[in-house]
Amino acid sequence: MSVQRRQLLQILSYAFGSSVIRFRNQSAIAAQNPAQPASPAPPAKAAAKHELGGTEKEKVTGIGGLFFRAHDPGALGRWYQEHLGIPLTPTGNDAPVWQQEAGPTVLTPFPETSKYFGDPSKVWMVNFRVRDLDKMVAQLRKAKIEVNDPQSYPGIGRFARLHDPEGNPIELWQPA
């Protein structure tokens, strides 16, 4: 592995967690061995568990919600719904709930002194997967929302940054 690639993988591992790197390596192995059939997905019950020290431990299966404080929750919720297409938590049985598409998700704690989120008073950042980053960026810019130019990371994908109306950092990710 070249030094430059190793450094990129170290940076991405630090920034996004090692699961992105594992996901990438698994994809690369599959691409190098196309004649081998892909292993079938494990049953849902088995997928929810992993072994640790010889005993099976239950694990979560995904993110069930993202909850955070806001100065104006109603206005901020409407902004997420209008510009990112995320419906708010239903208030009745007939209202739709946001259904995510399957795909990779990483969880990475950062040091308190990290500058990765921008404003040091912000303690979280959400990363949303998108199908077409260019279309999403154009749509947001048309709505007069400032979005950084997309950055590409070979084998990982493309990323663009913006902030919601209350200054919370958002990262958009189009996986490779």
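Miscellaneous remarks
- The lone exception for Glu101 - which of (1) charged (D, E, K, R); (2) over 21 Å from Arg69 (Cα atoms); (3) free of Cβ contacts under 8 Å to residues at least 24 places away in the same chain it fails: (3)
- Residues that are farther than 16 Å from Trp173 by Cα and either acidic (Asp, Glu) or surrounded by 12 or more Cβ atoms within 10 Å (Cβ to Cβ) (or both) within the range 124-145 comprise Arg141, Ile145, listed in sequence order.
- Pair list, Cβ under 7 Å, 6 or more apart: the range 58-83 residue over 18 Å from Trp124 (Cβ atoms), other residue surrounded by fewer than 12 Cβ atoms within 10 Å (Cβ to Cβ): Lys59/His50; His83/Ala143
- Single residue of Lys122, Lys115 found to be in contact (Cβ under 8 Å) with a residue 12 or more places away in the chain, basic (Lys, Arg) and either in contact with a strand residue (DSSP E or B) (Cβ under 9 Å, 6 or more places away or on another chain) or closer than 20 Å to Glu166 by Cβ (or both): Lys122
- Screening the candidates His71, His83, His50 for the property of being at pLDDT 90 or above and either of a type in the set (Asp, Glu) or over 21 Å from the mean Cα position of the chain (by Cα) (or both) yields one hit, His71.
The values are calculated or read from the model by the stated rules, or taken from the named source; none is laboratory data. Keep in mind the model is a prediction, meaning the values are calculated, not measured. Cβ sites come from the backbone with ideal geometry, for glycine too, and all protein chains shown count toward neighbours.
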